């Protein structure tokens, strides 16, 4: 169950990065909405990470959490914010995914 909580925490990390990107693009009062959403999603991500750490090893859980956030944020950047998707960027993205998956596999009791 804590692996599922950790995955959800990672998705909230992607959400708070998305909120920062939208706040950067926004002007006026809409910026306040995105900054408020950032604080909410950041808080949810941290609280869920804290919950997952009750039974998962901190090194593995933190690496998986940041890996989910990094991969998700890169994908959001490519598909929503129209950032470049070069060969090397995608290559290293896939190596990151393989590394995170490997950490989960070797961390099973």
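Results, tabulated for the structure shown:
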| item | result |
| --- | --- |
| Principal-axis tilt of helix 30-52 within the chain, Cα atoms, nearest 10 degrees | 10 |
| Ranked by how many other beta carbons lie within 10 Å on average, peptides 83-94, 9-20, 27-38, 51-62 from highest | 9-20, 51-62, 27-38, 83-94 |
| Taking the range 5-109 and dividing mean pair separation by its residue count, relative contact order in percent (alpha carbons under 8 Å, at least six apart) | 33 |
| Computed [θ] at 222 nm, helices only, for the chain once each DSSP H run of length n ≥ 4 contributes -39500 (n - 2.57) | -28500 deg cm²/dmol |
| Sorted largest first, extent of the chain alpha carbons per principal axis (Å) | 51, 35, 17 |
| Degrees between helix 58-79 axis and first principal axis of the chain (Cα, 0 to 90, nearest 10) | 40 |
| Cα-based helix-to-principal-axis angle, 2-25 vs the chain, degrees rounded to 10 | 20 |
| Centre separation in Å (Cα based) which lies between the range 70-109 and the range 3-51 | 19 |
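Laboratory data are not the source of any read-out in this text; all were calculated from the coordinates shown. Quantities reported herein were computed from a predicted structural model and do not represent experimental measurements. A quick note on method: Cβ atoms are made from the backbone with ideal geometry, for glycine too, and the neighbour counts reach across all protein chains shown.
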